[in-house]
Amino acid sequence: MNQRRERSRCLVTAPTGGATLRIGVLLGALQFTVGSGGMAGQEAEDCGADVTLGVAVVDESGSIPIPFATVILASEDTDALSRPMRGQAGSDGRLVFCVPDGVVHATLSAEFGDASSDDTEVNVRFAALQDVVLRLRVASVENGRLLGTVTDALSNAPVTAAAVSLRGRSQEVQTDRQGGFILSEVPVGVYELSVRHLGYAPLRHMVNVARGATTDVQIGLVPAPLEMEPLVATAVRLRRLEIKGFYERKHWGELLGLGAFYTVADIERRNPRIISDMIMEETSIRRVCGLGSRTCKLYTTRLATGFGSRCLMKIYLDGILISEEGEADLWVSPVEIAGVEVFKGAASLPAEFAGPGSRCGVVAIWTK
C-alpha cells in the first residue's frame with residue numbers, strides 16, 4: 001500500500017485562563033457526610049412514566065457532598081435520548097434525572113471547576129434503586145486532554161472500534177458506537193496521533209495538547225483501496241466554556257437555527273471596535289446609541305409594537321444578568337471576550353437564560 005500523507009484543516013484557539021473555583025476551598029468549608037442509603041435530605045421526584053435516577057456528587061474520599069456541580073447524562077440509546085441531559089446538583093450535592101423510559105444504558109459524569117469524575121456507565125433501571133455516586137477528582141493543571149470523533153471520510157458514518165493512541169504513551173482507546181474517543185490526563189506537548197482500523201488507511205497527525213484545555217479533533221478515515229488523503233479538523237475548546245455548556249448550546253443552536261454564536265476566532269477575525277458592532281449585523285437586531293461611543297443599546301425588531309417602540313434585549317455576563325436595557329458594551333471589551341451567544345426571542349432561549357422579561361431575546365457574553 002502506498003504511503004499517504006494526511007491533509008488537515010485546523011482551527012486552533014489558544015487556551016486562556018479564567019477565574020477558576022478550586023474544589024479544595026469548598027472541601028475545607030463543608031462538613032456534611034454521605035450515608036450508605038443516599039444523600040441526606042433526599043426528596044422524591046415525580047417523573048411520571050419516566051425513570052427516576054438519583055445522582056450524588058461527592059469528593060474523592062466519598063465523604064463530602066459537592067453542591068452545584070454540573071452533571072451530564074448521555075446514552076447510546078439515541079432513539080429515546082437524542083442529546084445528553086445536563087443538570088446542576090443542589091446544595092446537598094444531589095440531583096434527580098427523569099430519564100425517558102426507553103433509555104436502558106447511560107453514562108454519567110460530573111464537573112466542578114478544575115475537578116471532574118470518571119465516566120460511570122449504569123443500567124438505568126438497576127441504578128434507579130439507589131443513588132449513583134460520582135466522585136470528583138481535581139485534575140492536574142499541568143495536563144490537558146484530547147477528545148474527538150472518527151468517521152468514514154466518504155459516507156460520514158461513525159467508525160466504531162478504531163484504535164486511537166499517542167506516540168510515546170502507552171494509553172490506547174477504542175472509539176465508541178458514535179465514533180467518539182477521549183484521552184485524559186495527557187501531559188502538555190506536541191504528539192503524533194495514530195488512528196487505525198481494519199479496512200482504512202492508517203492515519204498519523206500531529207496534535208498539540210495545551211495545559212488545562214481540551215483539544216477537539218474530527219477525523220475522517222479513508223477506506224484503504226481509495227487513493228485520497230484523510231481529513232482532519234482540529235480545534236481547542238476552552239475548558240471554562242465547556243463546563244458552562246457553551247459548546248453544547250452552540251452545536252444544537254447552530255444545528256436547529258436557534259441562535260448565533262461567536263468564538264474567540266470569530267471575534268479576532270472581525271476585530272470589532274465594540275462587541276455590539278458584530279451583534280447588530282444579525283437579522284432582526286438593531287442598535288441605538290447615545291452621545292457616547294459606548295452607550296449603545298441592542299434591541300430586536302421582531303416584537304416591536306409600533307413606531308418608535310424598541311424591544312430591548314437582556315445582557316448576561318459570565319451567566320449573571322447585568323443589563324435589561326440592551327447595554328452590551330459598557331462592561332467588557334472585545335479582546336476580553338471568549339464567546340458570545342445571541343438568542344433573538346423567548347422561543348429560542350435555553351433554560352439557562354429563560355425567564356420573565358426575556359421575550360425580547362438575550363445576549364450572553366463569556367470572558368476569557
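The table below lists the values:
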{"quantity": "Positions within the range 238-256 being open to solvent by 50 Å² or more (accessible area, probe 1.4 Å) and without any contact (Cβ under 8 Å) to a residue 24 or more places away in the chain, in sequence order", "calculated": "251, 254, 255, 256"}
{"quantity": "Of all residues in the range 129-152 being surrounded by fewer than 19 Cβ atoms within 10 Å (Cβ to Cβ) and not in a strand (DSSP E or B), the one that is modelled with the lowest pLDDT", "calculated": "140"}
{"quantity": "Subset of the range 312-364 (residues that are without any contact (Cβ under 8 Å) to a residue 12 or more places away in the chain and either open to solvent by less than 20 Å² (accessible area, probe 1.4 Å) or in a loop (DSSP other than H, G, I, E, B) (or both))", "calculated": "323, 351, 354, 355, 356"}
{"quantity": "Number of the exception - residue 349 against (1) under 18 Å from residue 250 (Cβ atoms); (2) touching a Leu at 6+ places or on another chain (Cβ under 6 Å)", "calculated": "(2)"}
{"quantity": "Selection count, the range 251-268, where residues are modelled with pLDDT of 90 or more, of a type outside the set (Val, Ile, Thr) and in a helix (DSSP H, G or I)", "calculated": "2"}
{"quantity": "Filtered residue count, the range 62-115, keeping only those that are among the aliphatic types (A, V, I, L, M) and not in a strand (DSSP E or B)", "calculated": "8"}
{"quantity": "Residue match in the range 204-218 (condition: touching a strand residue (DSSP E or B) at 6+ places or on another chain (Cβ under 8 Å) and closer than 15 Å to residue 161 by Cα)", "calculated": "no"}
{"quantity": "Qualifying positions in the range 240-268 - of a type in the set (A, V, I, L, M, F, W, C) and touching a helix residue (DSSP H, G or I) at 6+ places or on another chain (Cβ under 6 Å)", "calculated": "258, 261, 267"}
{"quantity": "Selected residue (only one of 214, 175, 234 is in contact (Cβ under 8 Å) with a residue 12 or more places away in the chain, under 30 Å from residue 344 (Cβ atoms) and open to solvent by less than 30 Å² (accessible area, probe 1.4 Å))", "calculated": "214"}
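The values are calculated or read from the model by the stated rules, or taken from the named source; none is laboratory data. Please read these numbers as outputs of a predicted model, since none were measured by experiment. When we count neighbours, we look across all protein chains shown, and the Cβ atoms used for this are built from the backbone with ideal geometry, even at glycine. Each accessible area value is taken on the protein alone, full model and side chains, heavy atoms only, with ligands, DNA and RNA left out. Shrake-Rupley method; radii C 1.70, N 1.55, O 1.52, S 1.80 Å.
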